[in-house]
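For reference, the structure discussed in these notes is given below.
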Amino acid sequence: MVEEVRIARRTGFCYGVREAIDKAKESAAAGKATHTLGQVVHNEGVIRDLQQIGVRSVDTLDDVDHGAAVVIRAHGVRPEVFDRASARGLEVIDGTCTWVIQEQRQLQELVEEGYTIVLLGTPKHPEVAGLLGFAPDAIVVDEEEDWVKIPRRKRMALITQSTQPPWKFEKLAAFMVGRAHELKILNTVCPVTIRRQEDTLEAARDVDLMVVVGGRHSANTKELTRLCEIAGTPAIQIENARDLDDASVFADVRVVGVTGGTSTPIEDLRDVAERIYLSGGTDDVRSRAGALATAALDAAATPAGRTTSLPIRTPSPAGAA
Ligand code: SF4
């Protein structure tokens, strides 16, 4: 039976995601018709909260009315998106993560310096699509079987999507040493990604089972699950507390660890902890599940600074004092 749930240190939104969400909320609170270009984060609770204050997610700029505000999410976009938005008379609120902006600048410099660029990333990921706007000829590679398509060139540069696992980047860098006479390596793996992986590994070492919370298709979340398994701890990956519908997984475990991807609000991890206590605890534990889950959240390293983002504020009605 479950006696204890431990939430990994430094979970919750990364600063890039939190900033983009806050910018959307601030815009709506200022009474502006606010949109996000694509879902600001793939989390249904967050999307629902934003919808409640009037923030709409749109797939293209064509869905935004003249004069309205559009928030660029943390992944960033191709530079021409800003031009098209201005041409349509939209107010652009740039929520591109500062780390991604730095990546974009570095890519641009590599292009100007004439390097053949290899970009480690998931080809259809929005961050990669945005980066390609700065280096259209970059060769995008992901899994190891792709790497054979990397040509041999005199001057090559390697850069990466921010959320790629560090081990993969290092392995590709070693592979590319044999592909170029001059190889420039820019390690743009985001420090938040690295810390998240370290803390997940640390948590996994001391528990009987890990629960990893994040988008089903998120490579980053899958990587956290893989790391738990490398640590020798069984792990289950879920999107939210509702996915924990099989209490039998907790039958033989005493301590359960919980971690989450960078798009998972910390409040979701508390809900997952409560669900674990309710599913796997004794009658006594079940009766205190809510309080125990809150205590698990409080026990994680720096809870105050990691909460979702700005509180939801309802915009004042137009013309109100
Ligand atoms: S994972 Fe890192 S690079 Fe990506 S949005 Fe978050 S802070 Fe920015």
ask   = Has the stretch 29-37 got any residue that is buried (at least 17 other Cβ atoms within 10 Å of the Cβ) and within 17 Å of the chain's Cα centre (by Cα)?
value = yes
query = How many residues does the stretch 66-76 hold that are more than 16 Å from the ligand (Cβ to nearest atom) and either more than 15 Å from Glu91 (Cβ to Cβ) or in contact with a helix residue (DSSP H, G or I) (Cβ under 8 Å, 6 or more places away or on another chain) (or both)?
reply = 2
ask   = Can you tell which of Arg10, Arg48, Arg73 is under 20 Å from the mean Cα position of the chain (by Cα), buried (at least 24 other Cβ atoms within 10 Å of the Cβ), among the basic types (Lys, Arg) and under 30 Å from Ala273 (Cα atoms)?
value = Arg73
Evaluation of Glu80 against (1) part of a loop (DSSP other than H, G, I, E, B); (2) at pLDDT 95 or above; (3) closer than 30 Å to Leu158 by Cβ (one fails), failing number = (1)
remark   = Scanning the stretch 193-230 for residues that are touching an Asp or Glu at 6+ places or on another chain (Cβ under 9 Å), of a type outside the set (Lys, Arg) and assigned to a loop (DSSP other than H, G, I, E, B) gives Val207, Asp208, Gly214, Gly215
query = Here are some residues: Ala135, Ala87. Which one is crowded, with 18+ Cβ neighbours inside 10 Å and without any contact (Cβ under 8 Å) to a residue 60 or more places away in the chain?
reply = Ala135
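Results for (1) within 16 Å of the ligand (Cβ to nearest atom); (2) over 18 Å from Ala289 (Cβ atoms), shown as yes or no for each residue.
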position	(1), (2)
Ile194	yes, yes
Ala203	no, yes
Arg216	no, yes
Thr233	no, yes
Ile236	no, yes
Val249	no, no
task = Go through the stretch 143-192 and give me each residue that's within 13 Å of the ligand (Cβ to nearest atom), crowded, with 19+ Cβ neighbours inside 10 Å and in a helix (DSSP H, G or I).
result = Val192
task = Would you please name the residue that is modelled with the lowest pLDDT, looking only at residues in the stretch 12-65 that are within 14 Å of the ligand (Cβ to nearest atom) and basic (Lys, Arg)?
result = Arg18
message = Suppose the filter is touching a strand residue (DSSP E or B) at 6+ places or on another chain (Cβ under 9 Å), assigned to a loop (DSSP other than H, G, I, E, B) and touching a residue at least 40 places away in the same chain (Cβ under 8 Å); does Gln106 pass it?
response = no
query = Looking only at residues in the stretch 108-121 that are away from the ligand (no atom under 13 Å from the Cβ) and touching a helix residue (DSSP H, G or I) at 6+ places or on another chain (Cβ under 6 Å), which one is farthest from Glu182 (Cα to Cα)?
reply = Leu120
query = What is the number of the single condition among (1) touching a residue at least 40 places away in the same chain (Cβ under 8 Å); (2) open to solvent by 20 Å² or more (accessible area, probe 1.4 Å); (3) part of a helix (DSSP H, G or I); (4) not polar (S, T, N, Q) that Ala24 does not meet?
reply = (2)
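The values are calculated or read from the model by the stated rules, or taken from the named source; none is laboratory data. Just so it is clear, the structure is predicted and the values come from calculations on it, not from any experiment. Methodologically, a virtual Cβ is constructed for each residue, glycine included, from the backbone with ideal geometry; neighbour enumeration extends over all protein chains shown. SASA here: full protein model, heavy atoms, side chains in, ligands and nucleic acids out. Shrake-Rupley method; radii C 1.70, N 1.55, O 1.52, S 1.80 Å.
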